[in-house]
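Reviewing the structure listed below.
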Amino acid sequence: NTVIGKFKIHGYGEDVKVSSLLVKPLVTSGTTASGSTTNLNNITVYFNGSQVGSSANYDGTATLTFQLGSQMILPAGTDSYIEIRADLQNSTSINYTAGTVSAQLTVGASNGQGQNSKATLNFPTSTIVGTSLTIQTRVLAVSKNTGYANTSVNPNIANVKAGSFTLQNQSSS
């Protein structure tokens, strides 16, 4: 469920309902323990923090069409965010260890409709390519917080602190 593309949209004029969204995930030089590949599992679309539509697997070639119904209405006068998320795994559920990944929104065909005027429009009006992200595997160090002492607690006590840990990124990524 890693964000592979995030797009900021600002609505002008009137609210617009987007009934479908064309998404093209891009995997370049994707490397797994079993070799090179370009597919992804569980591509999902999030709108303002909530999932819209169903998830789909990407085979490395076709643009994905997400049917949204009435789940995505862009409000006029405010910023909204579309996130494309994916499991960074190939079609056999083996994790990627290297490569780059991104997502693009492809031009729609009368997939937007003004909520007042009922006029249709293409959303987006041009292809939007997201930022490429580098896939890396590195070390995460986990240790007990030395500032927290060992404790004993009676059973069935609410709001008890069970432990404290320190997480530290051990890489340059």
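Taking amide H as placed 1.01 Å from N in the peptide plane, Gly60 has its amide H under 5 Å from the amide H of Leu40, each at least 5 places away in sequence or on another chain.
The alpha-carbon of Lys6 sits under 14 angstrom from the alpha-carbons of these aspartates and glutamates, leaving out residues fewer than 8 places away in its chain: Asp79, Glu83.
In the complete set of protein chains, residue-level accessible area for Asp59 is approximately 100 Å², probe 1.4 angstrom. Gaussian network model of the chain, Cα springs within a sub-10 Å range: biggest mean-square fluctuation belongs to which of Ala149, Ala109, Ala33? Maximum among the listed residues: Ala149.
Within 13 Å, Cβ to Cβ, of Met72, how many net charges do the neighbouring residues add up to if Lys/Arg are +1 and Asp/Glu are -1? Walk me through the numbers on the way to the answer.
Working: positive: Lys17; negative: Asp15, Glu83.
So the environment of Met72 carries a net charge of -1.
Accessible area per residue for the chain is 58 Å², calculated with a 1.4 Å probe on protein heavy atoms, without ligands, DNA or RNA. The alpha-carbon of Lys118 sits under 27 angstrom from the alpha-carbons of these lysines, leaving out residues fewer than 8 places away in its chain: Lys8, Lys17. Accessible surface ranking for Phe47, Phe165, 1.4 angstrom probe, highest first: Phe165, Phe47.
Under a 5 Å amide H cut-off, with hydrogens placed 1.01 Å from N, Met72 pairs with Val18 among residues at least 5 apart or on other chains. Under conditions of 20 °C and 1.002 mPa s, segment 1-89 yields 154 µm² s⁻¹ as its translational diffusion coefficient, taking Rh as the Kirkwood radius over Cα pairs in the Stokes-Einstein equation. In a GNM of the chain with a 10 Å cut-off on Cα contacts, which of Gly53, Gly99, Gly147 has the highest mean-square fluctuation? Checking each option, the largest mean-square fluctuation is seen for Gly147. Oblate is the label for the chain, because the ratio a/c of its alpha-carbon gyration tensor axes (a ≥ b ≥ c) is 1.5 or higher and a/b is not greater than b/c. Where in segment 95-123 does the amide nitrogen come within less than 14 Å of the point 7 Å from the Cα of Glu14, taken along Cα to Cβ? From segment 95-123, the list is 112-121.
Only protein heavy atoms count here; under a 1.4 Å probe, Ser55 has an accessible surface of about 60 Å².
Considering only the other residues whose Cβ falls under 10 Å of the Cβ of Ala103, what net charge follows from Lys and Arg at +1 and Asp and Glu at -1? List each step's numbers first, then the result.
Values: positive: Lys6, Lys24, Arg85; negative: Glu83.
The answer is +2.
Report in % the part of the accessible area of segment 42-95 that belongs to carbon and sulfur, leaving out ligands and nucleic acids; probe 1.4 Å. Please list the in-between numbers first.
Working: 1120 of 2560 Å².
Carbon and sulfur together cover 44 percent of it.
Comparing Val153, Val101, Val16 in a Gaussian network model of the chain (Cα springs below 10 Å), the most mobile by mean-square fluctuation is Val153.
The values are calculated or read from the model by the stated rules, or taken from the named source; none is laboratory data. All of these numbers come straight from a predicted model, not from anything done at the bench. Using ideal geometry, Cβ is built from the backbone for each residue, glycine included, and neighbour counts are taken over all protein chains shown. What goes into the accessible areas is simple: the full protein's heavy atoms, side chains included, and nothing from ligands, DNA or RNA. Shrake-Rupley method; radii C 1.70, N 1.55, O 1.52, S 1.80 Å.
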